[in-house]
Structures are given as C-alpha cells and as structure tokens.
Amino acid sequence: MSLTHRTAWEVVKQQFLYKLRSNAAVFTVLFVLQIISMVLMNGAAMTSEMGTGSFELEWNSISTDGVMGLTFFWAMVFGFLMTTPGQRNAAYLYVATPLTENLANFCLFGFASLIAGITTVLSGGFVKLLAQLQDVQLITETAGLFSEPYQFFTRVLAMAVYTFLTMMIVYTIFIIIQRNRLLILPFILLWFAVSQSTTPSNWLGDVIDFFYNEHSILLFLGKAGVTAVLMAALSLVISKRIEVKVS
Amino acid sequence: MTVITLNQVHKKFSRIPALMDVTFSINENVITGVAGRNGAGKTTLLKMIAGFQKTTEGEVRVFDENPFGSLLVSANSIYIDDAMSYPDPMKLQELLHEFKRFYANWDEGLALRLMEYFEIPLDTRHRFLSKGKRSTFNAIVGIAARCPLTIFDEPTTGMDTAARNDFYRALLKDYIAFPRTILLSSHYINEMQDVLEDLLVIHQKRIRYHGSTSDLQEAHLIIRGTEAQLRSATSGKVVVSKTKNGLQEEWIIENDFSEAERSMLDRRGVKSTTVTLNDAYLALTEQPRGGIDDVFDA
Amino acid sequence: MMLGTVIITLLASSIAIVIWKMKRGTRLGFSRTTHFIFMGSYIALLIVILIVSELMAQTQNRPDLKRVSASQQEFDVDRAIITGKPIPEEELLIERLHEVKGSLTIKQSDYGYNLHYYIERSKNGGNQVIERVYRPSLINGEDSNGYDISNYVQVNLPKWTDDEVNVPMQPTQKLVFTSFHDSNVISQFTNQQTLEYYNGYSMRSMKVYLIVPDSVQLNIQLESDSYNEITRD
C-alpha cells in the first residue's frame, strides 16, 4: 500500500473544521451567557440615585460591560478547555501532530474571537433597544452603526483581538501546567500577588495599559500580533513534548 | 520493506520501567499479533509505534521516521483501542464523515455496509452504544480506514463470540484485498491465530519471542503418559509445564527432539503431539498450566 | 413596552428550553447542526435588533444634552453678579419689574433647597424694584464631568405681593435619565473612550437678584447665609 503524503496546512484545515464541529456547543454556551447578561443584567446597569428632600436625580448608566466581561470569562474557559487531554485525544483520533493540533487550535481561537467580537458589539443594539422600549430619557453616548460605521468595526476588531489574546494567554499557561502540574504553583502565587496588590501602578496594570492605551490600530495590531506569536511559539515548543493517550 | 524498526528501546514512566531493551523490526504487509500478560507493556509499545508516546531511550522508526510528532506516520496509521475519545456531540455518521476527510484510503461503502451488518445505527452517539457495539464501531473504523499501518489494541473487548469471529474474518478478507501492515494485540491467542502470520510476545517488559506462529508451535511439544514414563523420556530436556489428569500427566517441553528421539518416545508409550499456538504462548510467558492449582494445593 | 415584553418573554423561554434540553442532555443532547443553526439565528437576530434600535434612535425624540467637562468652566453667575459683569442671556430665567410702596419684606419658605438672594441698593430712587432670576444649574457626574441637565430642573418663581417677595417651596421632582454606552474596553479606537458610569451630581442654586431703590425700606427675613447685600460705588 503506497504511503499518503499530506501537507501540514491540509491537516490543519481539516483539524480546524473538525474541532469547530465537535466544539459547536461551546458557542451556544457563549450566546446563552451573553443573553443572560443582556436580559438579566441589562448589559451592566449602574444606577445612582441621590438628592435632597424634594429634589432627586436618578441616573442609570447601561453598557455592554456585562456582556464583555462574561465573554472574556468564556474566552478563558475556552482557552483552558482546548488544553485538556480529552480535547487532545479527540484530535489524535484522526491525523494529527503537535504542530497541526496547535495550529488548528489557534485557528479555532481566531474564529471564536471573531464570533465573540461581532456578537459582543452587536449586543449593544439589544441593550439599547431594551432601554428605548422602556420609554425613558435615553442618552446614547456610543455612535451607532449607521452614523459611524467605521467606529463600529473598530469595536469589533478590538473585542476580537482582546478575546484572542485572552484565549492564547490562558491556553499557553495551561499548556505549561499540563506539561508539569507543579508549575501551577507559580501561577497561583502570581495570581495572589496581582489580586492582593493595592498599588494602582502594578506591573499587570502596565501590561494592560501597554495594549489599552494604544490608539493607533496598526500599532495595536502589531503589539497583539507579536504577543500572540510569542504565546504560540511557547505553547508549540512545550506541547511538542506532551504525550497523548496517556491513560 | 521494513515498516517498523525498534532499536534498544526503553520506556519508563516516572522511573518505573514499562519496556526494556526492545529490538525488533516488522516488515510490510504482515499481520503481527502482539501478546503478553496484563501489564507486560503491549499498549505502551503500540502507542510508541503510533507516535503518541516517545521513547525514554533507543530509537523507533516507522516508515523510516521517528513516529513521535510525525505527520507522515499519523497520516498513514490508525490506532484503535477501547478508549477512543470521540467528541460527545457528534453522531456516528458524522464521525465516519470525519474519518473520510482525514484518511485517503477510507472506504465509505465498506464502513456503511459493516455498520449495517453489525446493526449499529448511524444517527446515535458513541457513548450510547453498548460496550460490545462500541468496540465493533472502533473495529469498523480500523478496517475501513485501510491505513498502511493499522494498529488494533484489544479490539474485541466486550464483543460477543459471533462479533469477534466476524471481526477477524472481515479483517482478514479486507487484508487479502488490500494488504497492509497490521498490529493486533489481544489476550486471546486462540481467536486471532487464524489471521496471524507473526507473533510478538512481550514478557516482563521485554521481547520474549518474535517470529512466525508456526515456528513457535514447532518449538514445543506436548507429551502424555504416566509420570514415570515422562520423567524417563525427558531427561536432559527443558520441561515448560506439567499438568495432572488423574494418573495421566501432560507436559509441555521444548522441542529439540530428533526423528530418532520422537520414534523412541512412541515406543515407550508416550504420546507426543504438536502444541496449539495458545499453549506455546502460555509456555513462553511462564504460565504453567495448572499453576493456580499449586496455590491451593500448598 | 409591549415589544419589550414580547422579546424578554421569547428570550426567557428560549433560555428555559436550553436549560431543559441540557438537563436531558445526558440522553439526548443537541446535535451539531442545532448548535450551528442557533449560532446563525442568534447573530441574525442581533443584527435585526441592532438595525431596529438604530432606526428607533432616529425617530424617537431624545434629550439633547450638552456635555461639559471640568476643564470647560461653567459661567460663574454669582461672581458676575457681585462684580457687576455682564451675564449671558441663557442664564436668565426671568426679569421683572415690581412697583413697591414704602417697604419690602424678603422671605424664603424653603430653606432646604438651593436658593440665594443678592440684594443691591440702587441710588436711583423711586419705588421700582428690578428682579432678575437666574436658573439653577445641574450637571451629573463627579467633578462636573457630565451632562448639563439644568434645563430639566423645575423652578417655582418668587411670588410678589404689594410689599413682600417670597420664594415658595420648590416643586418636588425626580429626574430620571438613562445613558447607554458601549463597553469602554472596546471603544479604544474611537473618540468616546472616556464614557463612564455616572455617580453624583453638582448643582448650583437658583439666584434671585433684586435691585431695590434706596428709598424703599427693606425688611429681610432670611437666614444670614442665604443672601448677600451688594453695594456698588
């Protein structure tokens, strides 16, 4: 029987489609989370009510912060999920190598980020509509799709890129932990160090500012791209040593 | 052409050895049975060949490549065991469709006909099947993939006798039509002996035997008679096992008898026959028949 | 309101179906196609809703509020009155003239409310009192960083009788506003990044500026800190 020669990209494409199909439920979970956030949390409303005696001012600020927060939470879970042995074993049912498996995961993250970006930004319309229907004095601070379409798309882009980075970083951390369970300890310590830190100028803040304070789309994409490539390289190098179907 | 070569391979799991000093090679288009007792290292060996696990020491070559992380090996081999982790939301027909996309030689018609024959519905999920049906589905996948290197690790777990016989028959038929290199591990030598050409016996983490099944059978002899008859007939011979059946005893001995010695046995009233493959395998792995009796007789 | 109820009911029931399906999922579960159909319809629904809300935003009347920030200093009416500088027209609610007989009593019914009197004696003589009422100002948000909602504050003007001016109790009122903004994190490349959750407000009192001729005798019945007498050279 003659041997079949496959290129890595062919297999990556097939693995990506396979992973997309076998993980379709993950997207449903995202949408359910978003709907819960939109309907029950009203996006993320904050009411401030104050006044003296006969005069009172009530100001309801609603935004898509809730949807965004839950979407990031979902991105973390998704990033973790793809490092689990179950997922790896499922990939190795078919043709797979560490290289194609990781690249397929990254493609999946890219697709998932795009979906997450689009739905998060679109959810703004829903949150706004709910407010509009409640017959309130509504002040719209964010320009809509029709009035400023360019800004609408930069929002999709920003959300997608941040979701992708979240997935990549969580994925890499858990790949490292998969390789050696003891390495979970430094990450836990790091987590405590960050969460206990009260000074606003901690290094984590600096890291976030590194991306968040960037107002040029090209530079932002460059920074995010370099970070993603670094994460990808790190997880590739590490996962090349991970054995599969260890039972 | 050699498909698999192992050269002084050692494998340890956190310092506990799983395989020691394994050296052998397997030629193209041969069906090799991999046998050994529980924990002998069969699964570890097969997973290393499939490229799932790496060696601690030594070298494994499959299709002239290190299989660990090799795309060529992955694209041309399939590994079937009883712990196939299929994604939960996918139905069997969707799983089969994925196999079709990944494996160039996949025969969909054959897969569907086998599914129908074994009465496995296409629109159900793997975890909803019974244990035997799950194994049957895995086996169908292994046959229909027609991979140049096909590895079955305990493929018949949970199957009933009829299904086992059907599986081996199907495997043999498809192999004859599309020859390929097949590794087949099972605890039951008897049921797979008809399809095997070669046998690889692993015992206590080492290779105990690798060669054709007929050579293995010819290397041993069963002799029957009273204890005194057998004792005198086997002086200077290696006795592998002894079993008592009333006054008659049955011994398995290593067969280094010449023609003259064989006729001598007949004249002494000792009956000698060739061993079954299973008996030879048991003899190799030092499982003296009736051995467990000794535990209770002590 | 009706449409809102319908949408919420629809979504709530679909969530209920999802949960119900998930509970039975051990045996049934969603098929792969169901998930993709859900994905497609969810995105399509969101797009439709977005378009509907955009269209509604164009047809509905919405409060047109001016945004102010701490850097853009509000016009300081109090200082202008004291120093006698001109005051922009829009700050003035009303200007009235009142004929007063010999004396004027100045009163205030509501002390809890923001109100301040400025009383200037003019040397012009006569018995005509000029009254200028300047509107209160209201800006939501901390540090005057928000929307100018001064126009929404209702005011009861001073009541005049022959020899008395009294500011009645101000109307009981509750202003309710809702502001919507997309999450800040994703508005990085827009010029609308400083959107926030508004908390607190700053309010400046309504000002009643009276110019009373010397000849009129004043009887001021006010708390000492709720009025200023202005003398001009």
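See the values below:
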read-out: Residues within the stretch C:108-137 that are hydrophobic (A, V, I, L, M, F, W, C) and modelled with pLDDT under 85, tallied; value: 1
read-out: Matching residues in the stretch A:210-247 - criterion: being in contact with a helix residue (DSSP H, G or I) (Cβ under 7 Å, 6 or more places away or on another chain), under 17 Å from A:PRO85 (Cα atoms) and among the charged types (D, E, K, R); value: A:LYS240, A:ARG241, A:LYS245
read-out: Some residue of the stretch A:127-137 being more than 13 Å from the chain's Cα centre (by Cα) and more than 7 Å from chain C (Cβ to nearest Cβ); value: no
read-out: Conditions (1) in contact with a Gly (Cβ under 9 Å, 6 or more places away or on another chain); (2) under 25 Å from C:SER187 (Cβ atoms); (3) in a loop (DSSP other than H, G, I, E, B); number of the one not met by A:TYR162; value: (3)
read-out: Sole exception among (1) more than 14 Å from every other protein chain (Cβ to nearest Cβ); (2) without any contact (Cβ under 8 Å) to a residue 24 or more places away in the chain for A:PHE174, by number; value: (2)
read-out: Candidate set from the stretch A:75-118 (those that are part of a helix (DSSP H, G or I) and touching an Asp or Glu at 6+ places or on another chain (Cβ under 8 Å)); member that is surrounded by the fewest Cβ atoms within 10 Å (Cβ to Cβ); value: A:ARG88
read-out: Considering residues of the stretch A:1-34 that are facing another protein chain (nearest Cβ under 7 Å) and of a type in the set (Phe, Trp, Tyr) only, the residue farthest from B:ASP88 (Cα to Cα); value: A:PHE31
read-out: Filter result (aromatic (Phe, Trp, Tyr) and in a loop (DSSP other than H, G, I, E, B)) within the stretch B:155-186; value: B:PHE178
read-out: Complete set of residues in the stretch B:105-126 that are within 11 Å of chain A (Cβ to nearest Cβ), surrounded by 18 or more Cβ atoms within 10 Å (Cβ to Cβ) and assigned to a loop (DSSP other than H, G, I, E, B); value: B:TRP106
read-out: Pairs with Cβ under 6 Å, 6+ apart, first in the stretch C:203-227 and in the same structural domain as C:ILE94 (by TED's automatic domain parsing) and under 18 Å from C:ALA80 (Cα atoms), second of a type in the set (Gly, Ala, Ser) and modelled with pLDDT under 85; value: C:ARG204/C:SER137; C:ILE211/C:SER122
read-out: Residue count for the stretch A:171-196, restricted to those that are farther than 19 Å from A:THR84 by Cβ and in contact with a Leu (Cβ under 7 Å, 6 or more places away or on another chain); value: 1
read-out: Selected residue (only one of C:SER150, C:SER205 is out of contact with any Phe, Trp or Tyr (no Cβ under 7 Å at 6 or more places or on another chain) and within 30 Å of A:GLN134 (Cβ to Cβ)); value: C:SER150
read-out: In the stretch B:25-66, the residues that are part of a strand (DSSP E or B) and surrounded by 17 or more Cβ atoms within 10 Å (Cβ to Cβ); value: B:ILE26, B:ILE31, B:THR32, B:GLY33, B:VAL34, B:ALA35, B:GLY36, B:GLY58, B:VAL60, B:ARG61, B:VAL62
read-out: Scope the stretch B:273-298; condition modelled with pLDDT of 85 or more and either in contact with a Leu (Cβ under 6 Å, 6 or more places away or on another chain) or in a loop (DSSP other than H, G, I, E, B) (or both); matching residues; value: B:VAL275, B:THR276, B:ALA280
read-out: Within the stretch A:179-247, helices (runs of 4 or more DSSP H) holding 1 or more residues that are modelled with pLDDT under 85; value: A:184-196, A:203-212
read-out: Any strands (runs of 3 or more DSSP E) falling wholly within the stretch C:132-233 and containing at least 2 residues that are away from chain A (no Cβ under 13 Å); value: C:159-161, C:164-167, C:206-213, C:217-220, C:227-230
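The values are calculated or read from the model by the stated rules, or taken from the named source; none is laboratory data. Every value quoted in this text rests on a predicted model; they were computed, and no experiment measured them. Counting neighbours? That spans all protein chains shown, and the Cβs are built from the backbone with ideal geometry, glycine included.
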